[in-house]
Amino acid sequence: MSNELSEVSTVNDTSREKTIVKTSIIGIIANVFLAAFKAVIGLMTHSIAIVLDAVNNISDAGSSFITIIGTKLAGREPDKKHPFGYGRIEYLSAMIISVIVLYAGVTSFIESVKKIISPQTPEYSIASLVIVGVAVVVKIVLGRYVKSVGTKVNSDSLINSGEDATLDSIISASTLVAAVIFMIFGLSLEAWLGAIISLVIIKSGFEMLKDTISQILGERSDSDLSKSIKQTVTEFEGVEGAYDLVLNNYGPDAWNGSVHIEVPDTYSADQLDRLIREIQMKVYSQHQVILTAIGVYSINTKDDEAKAIEQKVRDIVFSHEHVLQMHGFYLTRETNNIRFDVVVSFDAPNRRDTYKQIIEDVQKAFPDYQLQITLDTDFSEE
């Protein structure tokens with residue numbers, strides 16, 4: 001079943017890859033042309049701000065090139081060494097782009113400080129300012145386009161490139177304002193302006209880098225996605241609950257996971273097999289998540305007293321603060337065994353102490369039963 005879902009996923013990945021590569025190529029072409037124009041204007045007018053702006057465009061073109069390489073590498077087929085694929089390479093390419101943005105900000109700041117210490121009078125012309133103005137418009141449009149596509153295909157590399165392009169448009173616009181002020185009032189502010197803008201770029205680079213490193217380390221899944229998956233699973237007839245959902249991210253839009261379901265203890269192996277396969281297909285079609293494993297909790301349906309005992313146990317468990325869930329309850333008469341899982345919030349001062357207290361209280365209420373209580377974790381806990 002998982003192989004069938006993987007084949008469908010591969011088709012979607014191919015379409016996504018083409019979109020990212022196409023957008024990146026557009027970015028490279030636009031930035032190379034902008035860099036060439038700005039470099040000529042900057043050298044002609046002796047404007048350090050415009051020259052640095054041109055260097056920024058070259059770094060943007062490099063970022064787009066890195067995005068293409070990262071996307072191509074991430075699209076490689078899974079193999080023996082990496083059976084879950086290479087999707088996480090995209091996070092590495094996004095991190096490299098973040099470092100480039102950070103480096104560009106630091107470099108710009110150093111050059112701006114040098115010009116503050118040793119100022120050089122710029123020589124602006126109307127023609128040069130018109131070209132810079134056109135560049136501002138181009139970068140705004142390019143930034144919005146790249147970021148929107150990045151959001152659509154869930155590409156952090158494109159999103160970072162789009163944000164960088166937007167920052168560049170602000171730099172160009174500020175340079176334009178500084179030039180107008182100089183032409184009207186004879187006051188040169190571009191070095192100071194460059195220093196301020198450089199600090200903004202450095203801050204943006206740090207934030208991009210922090211977010212990307214967090215993704216590489218592994219973040220919890222989106223709570224809305226977890227809730228919607230559980231809702232889809234519990235819509236199936238006979239499924240009384242969905243718990244222990246674990247989602248593992250192997251790149252943008254590449255999710256594998258597992259879940260436990262509660263079903264009546266009268267279900268046959270054939271019924272369970274059919275139910276599990278149907279759940280896998282529906283979850284993938286609606287959420288693009290491959291459930292590689294679905295565990296089963298049985299529910300007492302032939303013992304009315306077991307239901308009453310479950311309610312008493314539930315009251316005891318939820319009398320403790322920070323308890324989020326209790327699930328998987330089952331009572332076995334033959335062995336006098338009670339088993340269930342309990343989820344204690346990470347907000348609890350000591351989850352282990354709460355767990356031990358629950359065991360003591362339940363054992364005290366039901367001394368004749370052997371207990372199998374598992375301290376569980378809700379990985380989508382907000």
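The values are calculated or read from the model by the stated rules, or taken from the named source; none is laboratory data. Being a predicted model, the structure only gives us computed values, none of them experimental. Virtual Cβ from ideal backbone geometry, glycine too; neighbours counted across all protein chains shown.
Okay, here's what the table says:
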| read-out | value |
| --- | --- |
| Pairs, first in contact (Cβ under 8 Å) with a residue 24 or more places away in the chain and closer than 14 Å to residue 64 by Cα in the stretch 90-119, second among the acidic types (Asp, Glu) and in a helix (DSSP H, G or I), C-beta under 6 Å, six or more apart | 94/156; 101/164 |
| Residue identified as closer than 26 Å to residue 194 by Cβ, in contact with a Phe, Trp or Tyr (Cβ under 8 Å, 6 or more places away or on another chain) and modelled with pLDDT of 80 or more among 73, 102 | 102 |
| Qualifying residue in the stretch 315-336 (condition: buried (at least 18 other Cβ atoms within 10 Å of the Cβ), among the charged types (D, E, K, R) and within 26 Å of residue 234 (Cβ to Cβ)) | no |
| Hits in the stretch 344-371 - residues which are in contact with a strand residue (DSSP E or B) (Cβ under 9 Å, 6 or more places away or on another chain) and either over 22 Å from residue 244 (Cα atoms) or in contact (Cβ under 8 Å) with a residue 40 or more places away in the chain (or both) | 358, 362, 363, 366, 369, 370 |
| Residue in the stretch 125-139 that is modelled with pLDDT under 85 and not in a helix (DSSP H, G or I) present | yes |
| Criterion: assigned to a helix (DSSP H, G or I) and either closer than 27 Å to residue 19 by Cα or under 30 Å from the mean Cα position of the chain (by Cα) (or both) - qualifying residue of 110, 96, 41 | 96 |
| Selection status of residue 80, of a type in the set (D, E, K, R), modelled with pLDDT of 75 or more, assigned to a helix (DSSP H, G or I) and assigned by TED's automatic domain parsing to the domain that holds residue 147 | no |
| When residues of the stretch 67-98 are limited to those that are over 17 Å from residue 153 (Cα atoms) and of a type in the set (Val, Ile, Thr), the one surrounded by the most Cβ atoms within 10 Å (Cβ to Cβ) | 97 |
| Members of the stretch 225-243 found to be of a type in the set (Ser, Thr, Tyr) and under 24 Å from the mean Cα position of the chain (by Cα), listed by number | 226, 228, 232, 243 |
| Residue within the stretch 365-374 that is assigned by TED's automatic domain parsing to the domain that holds residue 297 and assigned to a helix (DSSP H, G or I) present | yes |
| When residues of the stretch 186-210 are limited to those that are closer than 27 Å to residue 93 by Cα and touching an Asp or Glu at 6+ places or on another chain (Cβ under 8 Å), the one surrounded by the most Cβ atoms within 10 Å (Cβ to Cβ) | 208 |
| Any hit, the stretch 198-206, residues being of a type in the set (Phe, Trp, Tyr), out of contact with any strand residue (DSSP E or B) (no Cβ under 8 Å at 6 or more places or on another chain) and closer than 19 Å to residue 104 by Cβ | yes |
